[in-house]
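**Student:** Once you've had a glance at the structure underneath, I'll fire off some questions.
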Amino acid sequence: MTSTPASFRIKSYGCQMNVYDGERMAELLGDQGMSPAADGEDADLVVLNTCHIREKAAEKAYSDVGRLKREDGTRPMIALAGCVAQAEGGEARRRSQMIDIVVGPQAYHRLPELVAEAAAGRRAVDTDMPAISKFEALPARRRANPSAFLTVQEGCDKFCTYCVVPYTRGAEVSRPFADIVNEARALIDAGAREIILLGQNVNAWSDEGRGLDALIRLLAKIDGLERIRYTTSHPADMTDALIAAHGEVDKLMPYLHLPVQSGSDLILKAMNRSHSVESYVRIIERVRATRPDIAISGDFIVGFPGESEKDFEATLALVEAVGYAAAYSFKYSPRPGTPAAVMEGAIGQEVMEDRLERLHSAIGRTQLAFNQSSVGRDTQLLIERKGRRPRQMIGRSPWLQSVHVETDAPIGTMLDVTLISAGPNSLAGAVRQARAA
């Protein structure tokens, strides 16, 4: 029998939704009387909150489990959580005897019960995906960073041929309107000044006929909330009303993350993406007509099966045409069980690496150009963390740019600044005025 843990550490991989889930698991464990392990100290319980998007994610998770064995031969209680846990299920404990708990992303509200079961020497596995929302079982929000995540939607019904999310997170489910508003208010009371609405397809959120635009408009009326963002969006769910909100809701920041994945219609069709390059560009044009200063970011996959050099050059052309303020790009990674994993026309690693480098260069040019175009702007900065130098603080502009300033203002302060210089990844600002947190 293993003793009940008194301290814990949570390591979250991958997407922002995993970060949110990690925060919520920490709150659950805290409510059971456990404390986060101090830096440099061993934890009694380690939760590996895994991501299954990339190739060999399961192998990496098991490797991380193995590294938790201490020099004296002891180890902490180990919980494998997240999407790898969902994909592996009970097989995870058979593959590694060090794993005590396996809990999927839709069942982590049961983590305290699973810890108790493991401490009693019983099988502790839960990868169910119940229709009843797990959020009802989670504790109230008591602490929050100045910029806080709030999950409003989970799962995906799009079934892109490369993506494992529908199998690890389940079908699209929207949280009730009232529950989201209550959690938003709790986050603000706990210190949040900006809320980032999260979902696998966040703009597919709906409740009683209301879409994401209605939720944003209501949240904007809450006193103390300064900023609203949302991610990740799908082009198929960019409604007229949501586009209009970008021009009508002052608290909705001028930033839109809208993944496209490829600039080739042939590849988009093979990916089972529901948009074309033309329809995607039309959305961008409409959003910019509504909010001319908006920053656009996106996601790209290079080396998808069958991608020719012509297809890839179309992606480079799209990057230049859109002028992304930021973008995330990855080599195609086959996921077991997805249709793309058995498609013909696999692209060699050297070709993928070359294309990824060229894409990074193209994105870097448009990102630098966007940052340079911001120089001279008077804007607001939300201070989020300390910089490396004395009095240096780092915050985010409305366009999600990282900006460093010299100030004695604490984390959570809103600063009026002038952007005075720009590099490819960050900008410098000069403080004009601070507004108290």
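**Student:** Among what's in segment 305-328 and is among the hydrophobic types (A, V, I, L, M, F, W, C) and part of a helix (DSSP H, G or I), pick the residue that is most open to solvent (accessible area, probe 1.4 Å).
**Tutor:** Ala321
**Student:** Residues in segment 118-171 that are of a type in the set (D, E, K, R) and closer than 30 Å to Met271 by Cα: how many?
**Tutor:** 5
**Student:** Assuming Phe300 fulfils every condition listed in (1) of a type outside the set (A, V, I, L, M); (2) open to solvent by 20 Å² or more (accessible area, probe 1.4 Å); (3) within 23 Å of Cys15 (Cα to Cα) apart from one, which condition is it?
**Tutor:** (2)
**Student:** Looking at segment 75-157, what helices (runs of 4 or more DSSP H) fall wholly within it and have at least 2 residues that are closer than 30 Å to Asp237 by Cα and at pLDDT below 90?
**Tutor:** 82-88
Yes/no matrix, rows are residues, columns are (1) part of a loop (DSSP other than H, G, I, E, B); (2) under 22 Å from Thr151 (Cα atoms):
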{"residue": "Thr4", "(1), (2)": "yes, no"}
{"residue": "Tyr20", "(1), (2)": "no, yes"}
{"residue": "Gly30", "(1), (2)": "no, yes"}
{"residue": "Asp42", "(1), (2)": "yes, no"}
{"residue": "Val47", "(1), (2)": "no, yes"}
{"residue": "Ile53", "(1), (2)": "yes, yes"}
{"residue": "Ala58", "(1), (2)": "no, no"}
{"residue": "Ala61", "(1), (2)": "no, no"}
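**Student:** Continuing with the same structure: Can you tell me which residue among Ala6, Ala37 is at pLDDT 90 or above, open to solvent by 10 Å² or more (accessible area, probe 1.4 Å), out of contact with any Gly (no Cβ under 9 Å at 6 or more places or on another chain) and over 26 Å from Leu197 (Cβ atoms)?
**Tutor:** Every option except Ala37 fails the conditions.
**Student:** If we keep just the residues of segment 58-91 that are within 20 Å of the chain's Cα centre (by Cα), buried (at least 23 other Cβ atoms within 10 Å of the Cβ) and not β-branched (Val, Ile, Thr), which is farthest from Asp299 (Cα to Cα)?
**Tutor:** It comes out as Leu80.
**Student:** Now for a separate question. If a residue must be under 20 Å from Leu187 (Cα atoms), under 22 Å from the mean Cα position of the chain (by Cα) and open to solvent by less than 30 Å² (accessible area, probe 1.4 Å), how many such residues does segment 215-251 contain?
**Tutor:** Residues in segment 215-251 being under 20 Å from Leu187 (Cα atoms), under 22 Å from the mean Cα position of the chain (by Cα) and open to solvent by less than 30 Å² (accessible area, probe 1.4 Å): 10 in total.
**Student:** Check whether at least one residue in segment 108-117 is touching a residue at least 40 places away in the same chain (Cβ under 8 Å), buried (at least 23 other Cβ atoms within 10 Å of the Cβ) and under 21 Å from the mean Cα position of the chain (by Cα), and report yes or no.
**Tutor:** yes
**Student:** Does Ser333 satisfy the criteria of being farther than 21 Å from Thr231 by Cα, without any contact (Cβ under 8 Å) to a residue 24 or more places away in the chain, of a type in the set (Gly, Ala, Ser) and out of contact with any Leu (no Cβ under 7 Å at 6 or more places or on another chain)?
**Tutor:** Against the criterion (farther than 21 Å from Thr231 by Cα, without any contact (Cβ under 8 Å) to a residue 24 or more places away in the chain, of a type in the set (Gly, Ala, Ser) and out of contact with any Leu (no Cβ under 7 Å at 6 or more places or on another chain)), Ser333 does not qualify.
**Student:** Taking Asn203 as the residue in question, decide whether it is touching a His at 6+ places or on another chain (Cβ under 7 Å) and of a type outside the set (D, E, K, R).
**Tutor:** yes
**Student:** Regarding Arg193, is this residue in contact with a Gly (Cβ under 9 Å, 6 or more places away or on another chain), surrounded by fewer than 20 Cβ atoms within 10 Å (Cβ to Cβ), within 30 Å of Gln401 (Cα to Cα) and among the basic types (Lys, Arg)?
**Tutor:** For Arg193, the condition - in contact with a Gly (Cβ under 9 Å, 6 or more places away or on another chain), surrounded by fewer than 20 Cβ atoms within 10 Å (Cβ to Cβ), within 30 Å of Gln401 (Cα to Cα) and among the basic types (Lys, Arg) - is not met.
**Student:** Filter segment 208-222 down to the residues that are in contact with a helix residue (DSSP H, G or I) (Cβ under 8 Å, 6 or more places away or on another chain) and at pLDDT 95 or above and list them by number.
**Tutor:** Passing the criteria: Arg210, Gly211, Leu212, Asp213, Ala214, Leu215, Ile216, Arg217, Leu218, Leu219, Ile222.
**Student:** How about segment 118-149: which of its residues are open to solvent by 20 Å² or more (accessible area, probe 1.4 Å), free of Cβ contacts under 8 Å to residues at least 60 places away in the same chain and of a type in the set (A, V, I, L, M, F, W, C)?
**Tutor:** Val125, Met129, Ala131, Ile132, Phe135, Ala137, Ala140, Ala144
**Student:** Which residues, counting only those in segment 158-190, are touching a His at 6+ places or on another chain (Cβ under 7 Å) and either β-branched (Val, Ile, Thr) or assigned to a strand (DSSP E or B) (or both)?
**Tutor:** Across segment 158-190, the qualifying residues are Val164, Thr168.
The values are calculated or read from the model by the stated rules, or taken from the named source; none is laboratory data. All figures in this text were calculated on a predicted structure; none of them were measured in a lab. Virtual Cβ from ideal backbone geometry, glycine too; neighbours counted across all protein chains shown. Heads up: the accessible areas ignore ligands, DNA and RNA and are worked out on the full protein's heavy atoms, side chains in. Shrake-Rupley method; radii C 1.70, N 1.55, O 1.52, S 1.80 Å.
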